[in-house]
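*Asks:* Starting off with a structure, shown below.
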């Protein structure tokens with residue numbers, strides 16, 4: 001394998017990893033705040049991809065601009081789902097929320113099949129296949145834009161969590177809901193906003209994934225496996241961890257595709273995941289549970 | 001940040017989540033959904049019983065008065081089809097072919113004077129689901145006849161069930177060696193030739209090029225699929241024997257959606273031509289990835305994908321031009337009965353501007369069943385299989401006959417897109433040939 005090809009795959013790996021990070025960020029945020037594993041997370045991403053595809057086909061709305069449409073739509077939907085369903089289950093039994101979101105994923109998959117058929121779809125814009133060359137390395141435009149948009153959105157999320165009152169309330173709730181309530185945080189409202197924020201991060205990833213990869217209703221099963229693995233590797237609830245793990249997965253896939261065989265990509269990544277979990281069960285950036293201290 | 005030293009994830013919760021991730025990985029690894037199989041029946045509800053008097057109405061098909069009771073019951077044909085999942089495009093296309101045939105035969109008075117009904121399950125492109133559905137169709141639903149799924153990957157396991165119950169398994173999309181290597185008596189592949197010969201017309205064309213134009217090297221990026229590997233291995237052996245070096249060969253899983261780095265590796269190998277071992281979505285993914293890194297091979301051949309014309313063009317637009325594929329049928333084919341099939345298809349599916357090749361394969365399966373049941377004058381599957389081993393049937397893919405293992409003995413057509421149209425470009429003596437092969441292909 002030539003050095004150029006290796007460099008090419010590393011560039012692709014970083015850019016793809018950025019998009020993975022964006023889609024995984026909502027999952028880890030929701031887990032951090034609610035201890036809810038949202039199995040429907042990837043189905044929501046695919047739903048957002050379909051919405052963006054539909055907006056592009058019917059209204060000619062650019063998929064990157066459609067992010068401004070899907071994010072608020074899914075924010076509201078997320079808040080509704082939290083209010084109507086998850087609020088009643090949170091704090092009761094973890095398996096129950098997993099079952100509910102699992103069922104939700106299947107409902108979304110069925111809905112997509114009914115509305116958009118089970119055919120492969122891809123969001124093809126006139127600039128979809130453009131690329132430019134830097135030092136002999138081809139950088140596909142859509143992948144660069146996706147990576148950049150993902151970084152901007154992740155940076156925004158980072159600032160919201162770190163610098164705003166809402167972010168402080170979310171972090172307080174993540175650490176200890178009861179203490180947060182004691183100091184005046186409206187835990188229920190904060191939890192709802194955090195869930196809605198997590199879902200809208202998923203939605204923001206939809207148009208990007210839809211431009212990068214073909215999708216059909218059951219693709220979300222492929223994605224949720226990747227996303228859960230990213231979140232576990234990074235450390236449950238850790239945004240930084242999810243980002244690092246996502247880039248590791250992106251690199252593992254792209255580099256193994258050219259260095260060995262595509263079959264090796266998941267093997268290498270999951271081998272790494274298991275290795276990390278054996279040595280460091282809380283994941284790369286996860287923290288020890290208070291109960292075990 | 002969200003994580004902090006105070007974050008609490010109890011060990012029990014963590015153990016549960018790790019277990020959950022592991023099980024999701026397993027589910028995802030099986031490339032499909034874990035949801036229960038939805039059951040669908042494509043056929044309209046059994047209409048008024050076809051009496052002997054009704055079925056003798058004038059018709060274009062060789063229907064007859066009902067000879068096999070119960071005459072008031074439809075003849076039920078069982079099928080487990082890939083209607084969702086990664087094979088859903090071609091799977092649905094075959095299904096439409098079956099439906100056109102069923103409508104046509106019922107309009108003409110039925111099969112041996114009885115109405116025909118499809119009993120259909122969606123196998124979600126999963127082999128184990130397909131196997132249990134075929135088992136159910138035979139033992140619980142007690143269907144009279146079986147037809148096959150898309151594609152070899154699903155035909156190989158399901159045909160074993162049909163063989164076990166001595167049910168004729170007429171199928172339009174399972175031509176890999178694995179279908180025939182078990183020496184079954186009841187399987188019949190309804191295409192002009194087996195998978196290993198699918199790329200022959202393309203390979204012959206490449207080898208026939210004058211030495212100064214002939215490509216020096218070829219790349220074989222291919223999906224892990226029995227049909228694909230049969231076609232690719234056959235082509236690779238012949239091209240290597242002709243001195244065309246293999247500079248890239250890589251097998252990717254059916255779940256592969258990202259072809260960027262594979263395309264980069266193919267480009268880096270400097271291959272003059274690409275023989276993509278594809279099913280559908282991966283053909284689209286490869287073209288997009290090649291185009292986006294400006295890799296311009298002299299010729300690109302895909303084993304499957306381009307013949308699903310409408311969906312392929314919708315996904316790729318004018319990037320389809322110059323792409324080769326091998327198939328047994330095109331919409332403009334002059335084969336017997338094709339005009340009727342095309343008209344009927346467009347009437348039933350007015351939203352589909354172009355008929356996918358797989359639909360013709362499904363329709364041909366119906367034509368073969370009609371000929372065999374009529375020829376054997378029986379629903380006894382052993383008699384049907386014996387009849388098929390001894391006879392040829394005219395289909396919209398041309399006349400097809402079978403050897404003792406159910407392998408067809410004809411040859412494929414070489415097809416190529418130009419101006420958004422899929423044309424037959426070889427062999428030169430074929431009545432459907434509409435253009436000469438374009439080589440080298442235009443840039444993406």
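The values are calculated or read from the model by the stated rules, or taken from the named source; none is laboratory data. The shown structure was predicted, so the numbers you read here are calculated from the model rather than taken from an experiment. No Cβ is skipped: glycine too gets one built from the backbone with ideal geometry, and neighbour counts run over all protein chains shown.
For every residue, the table says whether it meets (1) within 14 Å of chain A (Cβ to nearest Cβ); (2) in contact (Cβ under 8 Å) with a residue 40 or more places away in the chain; (3) within 15 Å of the chain's Cα centre (by Cα).
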site: B:288; (1), (2), (3): yes, no, no
site: B:349; (1), (2), (3): yes, yes, no
site: B:365; (1), (2), (3): no, yes, yes
site: B:376; (1), (2), (3): no, no, no
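*Asks:* For the structure I just gave you, tell me whether residue B:234 is within 19 Å of the chain's Cα centre (by Cα) and free of Cβ contacts under 8 Å to residues at least 40 places away in the same chain.
*Replies:* yes
*Asks:* Still on this structure, please answer the following. Is region B:89-96 home to any residue that is within 14 Å of chain A (Cβ to nearest Cβ), within 23 Å of residue B:195 (Cα to Cα), out of contact with any strand residue (DSSP E or B) (no Cβ under 6 Å at 6 or more places or on another chain) and in a loop (DSSP other than H, G, I, E, B)?
*Replies:* no
*Asks:* Now for a different question. Checking residue B:125 against (1) on the phi < 0 side of the Ramachandran plot; (2) within 14 Å of chain A (Cβ to nearest Cβ); (3) touching a residue at least 24 places away in the same chain (Cβ under 8 Å), which single condition isn't satisfied?
*Replies:* Result: residue B:125 passes all but (1).
*Asks:* Count, please, the residues in region A:13-65 that happen to be over 30 Å from residue A:98 (Cα atoms) and either within 12 Å of chain B (Cβ to nearest Cβ) or assigned to a helix (DSSP H, G or I) (or both).
*Replies:* Qualifying residue count, region A:13-65: 11.
*Asks:* Next up: If the requirement is being at pLDDT 90 or above, surrounded by fewer than 18 Cβ atoms within 10 Å (Cβ to Cβ) and touching a helix residue (DSSP H, G or I) at 6+ places or on another chain (Cβ under 8 Å), which of these qualifies: B:406, B:420?
*Replies:* B:420
*Asks:* List pairs: first in region A:125-136 and more than 10 Å from chain B (Cβ to nearest Cβ), second assigned to a loop (DSSP other than H, G, I, E, B), Cβ under 8 Å, 6+ apart or cross-chain?
*Replies:* A:125/A:62
*Asks:* Only one of these is more than 18 Å from the chain's Cα centre (by Cα) and at pLDDT 90 or above: A:199, A:190. Name it.
*Replies:* Selected residue: A:190, the only one of A:199, A:190 that is more than 18 Å from the chain's Cα centre (by Cα) and at pLDDT 90 or above.
*Asks:* More than 8 Å from chain B (Cβ to nearest Cβ), closer than 30 Å to residue B:311 by Cα, in contact with a helix residue (DSSP H, G or I) (Cβ under 8 Å, 6 or more places away or on another chain) and surrounded by fewer than 22 Cβ atoms within 10 Å (Cβ to Cβ): does that describe residue A:108?
*Replies:* yes
*Asks:* Identify all residues within region A:223-265 that are facing another protein chain (nearest Cβ under 8 Å) and without any contact (Cβ under 8 Å) to a residue 24 or more places away in the chain; write none if there are none.
*Replies:* Within region A:223-265, A:225, A:261, A:262, A:263 meet the criteria.
*Asks:* Continuing with this model, one more query. In the set A:207, A:217, which member is farther than 23 Å from residue B:279 by Cα and either within 10 Å of chain B (Cβ to nearest Cβ) or buried (at least 21 other Cβ atoms within 10 Å of the Cβ) (or both)?
*Replies:* A:207
*Asks:* Test residue B:244 against the stated conditions and say whether it is more than 25 Å from residue B:173 (Cβ to Cβ) and touching a residue at least 60 places away in the same chain (Cβ under 8 Å).
*Replies:* When the stated conditions are applied, residue B:244 does not pass them.
*Asks:* Does residue B:387 satisfy the criteria of being more than 30 Å from residue B:297 (Cα to Cα), touching a strand residue (DSSP E or B) at 6+ places or on another chain (Cβ under 8 Å) and surrounded by 15 or more Cβ atoms within 10 Å (Cβ to Cβ)?
*Replies:* no
*Asks:* Out of the residues in region B:132-159 meeting the condition of being assigned to a helix (DSSP H, G or I) and without any contact (Cβ under 8 Å) to a residue 40 or more places away in the chain, tell me which one is surrounded by the fewest Cβ atoms within 10 Å (Cβ to Cβ).
*Replies:* Restricting to residues being assigned to a helix (DSSP H, G or I) and without any contact (Cβ under 8 Å) to a residue 40 or more places away in the chain, the top hit is B:139.
*Asks:* Ok, one more. Out of B:173, B:162, B:193, B:168, which single residue is buried (at least 24 other Cβ atoms within 10 Å of the Cβ), under 22 Å from residue B:361 (Cα atoms) and within 16 Å of the chain's Cα centre (by Cα)?
*Replies:* B:173
*Asks:* Looking at (1) touching a strand residue (DSSP E or B) at 6+ places or on another chain (Cβ under 9 Å); (2) within 14 Å of chain A (Cβ to nearest Cβ); (3) assigned to a loop (DSSP other than H, G, I, E, B), can you tell me which one residue B:86 breaks?
*Replies:* It is condition (1) that residue B:86 fails.
*Asks:* Let me ask something else about it. Sort out which residues of region B:196-211 are touching a residue at least 24 places away in the same chain (Cβ under 8 Å) and either more than 19 Å from the chain's Cα centre (by Cα) or in a helix (DSSP H, G or I) (or both), and write them in order of number.
*Replies:* Scanning region B:196-211 gives B:196, B:197, B:200, B:201, B:202, B:203, B:204, B:205, B:206, B:207, B:209.
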